[in-house]
Amino acid sequence: MTRRHKNVLPGFPLTLGYTLVYLSLIVLIPLAAVFIKAADLSLAEFWAIVSAPRVVASYKVSFGLSLLAAAINSVFGLLLAWSLVRYRFPGKKLVDALVDLPFALPTAVTGIALTTLYAGNGWLGKPLEALGASIGAALSALWLDFGGSAETAAALAEFNIKVAYTPLGILTALIFIGLPFVVRTVQPILEDLDPELEEAAASLGARRWQTFRYVLLPILLPALLTGFALAFARAVGEYGSVIFIAGNMPFISEITPLMIIFKLDEFDYVGATAIAAVMLLLSFVLLLVINVLQAWTSRRIRKGRR
Amino acid sequence: MKINPAARARAISSLAPGELKRALAAVPWIKCLVLGLALGFFAVFLLLPLIVVFAEAFRKGLDAYWAAISEPDARAAVWLTLTTVAIALPLNLVFGVAAAWCIAKFEFRGKQLLVTLIDLPFSVSPVVAGLVFVLLFSTQHGWFAPWLQAWDIKIIFAAPGIVLATIFVTFPFVARELIPLMQAQGREEEEAAIVLGARGWQTFWRITLPNVKWGLLYGIILCNARAMGEFGAVSVVSGHIRGQTNTMPLQVEILYNEYSFSAAFAVASLLALLALVTLAVKSWVEWKARQALDFNDDKQDIAP
């Protein structure tokens, strides 16, 4: 038969039509509203809003801490995925299931739980502050012993480790919500890895570290980067789990989504929209990057299997 | 003749077979280090926050716990949350199935773009998701303000806004579970059914649905968990009117900010329980799906 295979299945016009209408009504038209509203502003006005010092400070907090959290998650997410795939230990099934907890636990619950945990009288906050205080006292004493000035010694004695209501608290929340992204993108790749690759490397005399560095890491890299990007994208927009623990001090621990909330509370809809437009543009860029990374990952998997 | 790389490597290897085995075996101290770091990180960052929720909820005893979750405002919050899910979930379910059908079973231009656009709500900040509906439906400033005022309809700071925001943030869940699954299954079985004279609906109910039921269930429970737990988007559109427009997560926030910590954690523990149930169902579904896969592999082995 030379005729092209004809698709006999029904329902294409109906399902595609429904998909497009629903997508437009729920997602596309509402998102377009942001850009149309933002277009009411002149370029200078728009720029004045999105580059106001307090807003710029919030970008630094949001982006800097999201990058840092995604980086920390890449390291520990890889370790966790490695443990789940390669090692046997008691409670492994439970750990595997609970890795997804941040996907399932409502962000407000995460927020109040972390705040309670890391507050000055919390299970982790209290020992951390005690540890910080003794480090501070030791540094201050050391400084005086070496003949340093009394003022600097006093400043050193002030040193403390506070997590709740500081940028460190924001970092903790962002680590929590980003972890499963890395584990769940790396884990399937590790599972599918051909053991012959490592055998080949070992029989050619590679040491373990060399095998990991030159054989495994290049194969895992696209998945790791995808996990990093997914964790970062989620962290930048995160609101619920962060606001409770952030302390929300202007210029220090305010995140960008909170700036939108402030503008809305003041009924400054135009201002809120301008910042939202910036965040949306970033989302689109990240979505593009993630798509490219995912295509790279699936190409790499096919190669690894061959 | 093709020689596989491992066999070739073994052939030119300087190592004896015993040495190779030793070179590949796990080194105890590395295993301990990796496991220790990974599980320590897991315990501090994932396990402790979960434990703290229940510890705080029951700190003042069972009676206080019961009082906290049965007071009228909490009950109203539970009711609003359930109503919201009851509307949002079926809508996104129908959409997910329709989208998966046209994307997985047919070829058309712009398919990849469509898949990307369906994922879009995942990469939008929840606060922005709430804001877009305020821009459209605010009674004073929204696009539809004159019309809403004329008909005296309230969407923002009322239940419809909460439902809309929830539909937006849970939009991709069912579709993104079903699309890869249905793509992997191809369309031969459905085509055979149609050629043999089955109707479209019959084919869907008898062939497609049984094939994707576990993936579908997984999408539904994830969608349900997110719909019940959404905070940011709902917070923007709700207006926080006690007993009227507070969902469970918003009730948690209000109680917490009023320093009623035990009550806040009591309501939070209900949501945490929901999360645990979600994870349990998810594990069960994955186990079932793997079983089905093994079963199919067995069938293929038996076939000549």
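The values are calculated or read from the model by the stated rules, or taken from the named source; none is laboratory data. Only a predicted model underlies this, so the values are computations on that prediction, with no experimental measurement involved. Don't worry about glycine lacking a Cβ; one is built from the backbone with ideal geometry, like all the others, and counts go over all protein chains shown. The accessibility values were calculated without ligands, DNA or RNA, using every heavy atom of the protein model including side chains. Shrake-Rupley method; radii C 1.70, N 1.55, O 1.52, S 1.80 Å.
Things to note:
- Given (1) within 11 Å of chain A (Cβ to nearest Cβ); (2) within 23 Å of B:A272 (Cα to Cα); (3) not aliphatic (A, V, I, L, M), number of the condition B:C223 does not satisfy: (1)
- Any hit, segment A:191-200, residues being over 30 Å from A:R88 (Cβ atoms) and open to solvent by less than 60 Å² (accessible area, probe 1.4 Å): no
- Test: B:I167 is at pLDDT 90 or above, more than 8 Å from chain A (Cβ to nearest Cβ), closer than 24 Å to A:L31 by Cβ and surrounded by 19 or more Cβ atoms within 10 Å (Cβ to Cβ): no
- Whichever residue in segment A:87-112 is within 17 Å of A:A231 (Cβ to Cβ) and in a helix (DSSP H, G or I) and, among such residues, is most open to solvent (accessible area, probe 1.4 Å): A:F103
- Candidates are the residues of segment B:132-151 that are of a type in the set (S, T, N, Q) and either open to solvent by 90 Å² or more (accessible area, probe 1.4 Å) or more than 9 Å from chain A (Cβ to nearest Cβ) (or both); the one that is farthest from the chain's Cα centre (by Cα) is B:Q149.
- A:A173 modelled with pLDDT of 90 or more, touching a Leu at 6+ places or on another chain (Cβ under 7 Å) and closer than 30 Å to A:N291 by Cβ: yes
- Counting only helices (runs of 4 or more DSSP H) wholly contained in segment B:56-155, the ones carrying 2 or more residues that are modelled with pLDDT of 90 or more occupy B:61-70, B:72-105, B:111-123, B:126-137.
- So A:L78, is it in contact (Cβ under 8 Å) with a residue 40 or more places away in the chain, within 14 Å of another protein chain (Cβ to nearest Cβ), among the hydrophobic types (A, V, I, L, M, F, W, C) and open to solvent by less than 60 Å² (accessible area, probe 1.4 Å): yes
- Meets criteria (open to solvent by less than 20 Å² (accessible area, probe 1.4 Å), facing chain B (nearest Cβ under 7 Å) and touching a residue at least 12 places away in the same chain (Cβ under 8 Å)) for A:L84: no
- Some residue of segment B:243-252 being surrounded by fewer than 24 Cβ atoms within 10 Å (Cβ to Cβ), assigned by TED's automatic domain parsing to the domain that holds B:I162, among the aliphatic types (A, V, I, L, M) and without any contact (Cβ under 8 Å) to a residue 40 or more places away in the chain: no
- The set of residues from segment A:7-48 being open to solvent by 60 Å² or more (accessible area, probe 1.4 Å) and within 30 Å of B:I207 (Cα to Cα) comprises A:V8, A:P13, A:L14, A:Y18, A:L20, A:V21.
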